[in-house]
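Visitor: Sending over a structure as structure tokens; questions will come in a sec.
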Amino acid sequence: MIRRHRGLRQIDVAATMGLPLRTYQHFEAGRTYLDFERIKAFAVATDSDPHAILAAVMIGSPAFALRSTDNKLTSVLMTALRRFDERLGDGVARFEVGRLIAAFRRTFADLEADLAARDAQAQVWFGDDDT
């Protein structure tokens, strides 16, 4: 999906990744084992988010990888997690599951509200002039 979204040909992505075309075709079709280094090479070749590709597999939503292609959502999240881990160290283990769930729900609700507000502003700006 990502390659097609970017308007790239298999042969070009394969060459950028340093793979024979047939090997790339097997990779794209999911007929090879998951290899994060290969996923990263694909992400470089397609300017996409390697973490989102892996997350998409894990959550069973291939479209998630495409949705995160431009904003690099999952790579941003992974960077934040890495920094959080560096700051807290062993303290990370002390969080209760319920606290984590509540924190993530608030964060995602805040992001959803921000997007809804931006959409509403755009609707006002570009609203119907048929009156």
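Visitor: Inside the range 1-36, can you point out the residues that are hydrophobic (A, V, I, L, M, F, W, C) and within 17 Å of the chain's Cα centre (by Cα)?
Guide: Scanning the range 1-36 gives Met1, Ile2, Leu34, Phe36.
Visitor: Kindly evaluate Leu54 against the criterion of being closer than 15 Å to Met1 by Cα, of a type in the set (A, V, I, L, M) and touching a helix residue (DSSP H, G or I) at 6+ places or on another chain (Cβ under 8 Å).
Guide: Against the criterion (closer than 15 Å to Met1 by Cα, of a type in the set (A, V, I, L, M) and touching a helix residue (DSSP H, G or I) at 6+ places or on another chain (Cβ under 8 Å)), Leu54 qualifies.
Visitor: Determine whether the range 54-69 contains at least one residue that is among the aromatic types (Phe, Trp, Tyr) and closer than 25 Å to Glu112 by Cα.
Guide: yes
Visitor: To continue, here is another question. Scan (1) at pLDDT below 95; (2) surrounded by 11 or more Cβ atoms within 10 Å (Cβ to Cβ); (3) part of a helix (DSSP H, G or I) for the single condition Gln121 breaks and write down its number.
Guide: Status for Gln121: all satisfied but (2).
The values are calculated or read from the model by the stated rules, or taken from the named source; none is laboratory data. The model shown is predicted, which means the values in this text are computed figures rather than measured ones. Heads up, the Cβs are rebuilt from the backbone with ideal geometry, glycines too, and the neighbour counts pull from every protein chain shown.
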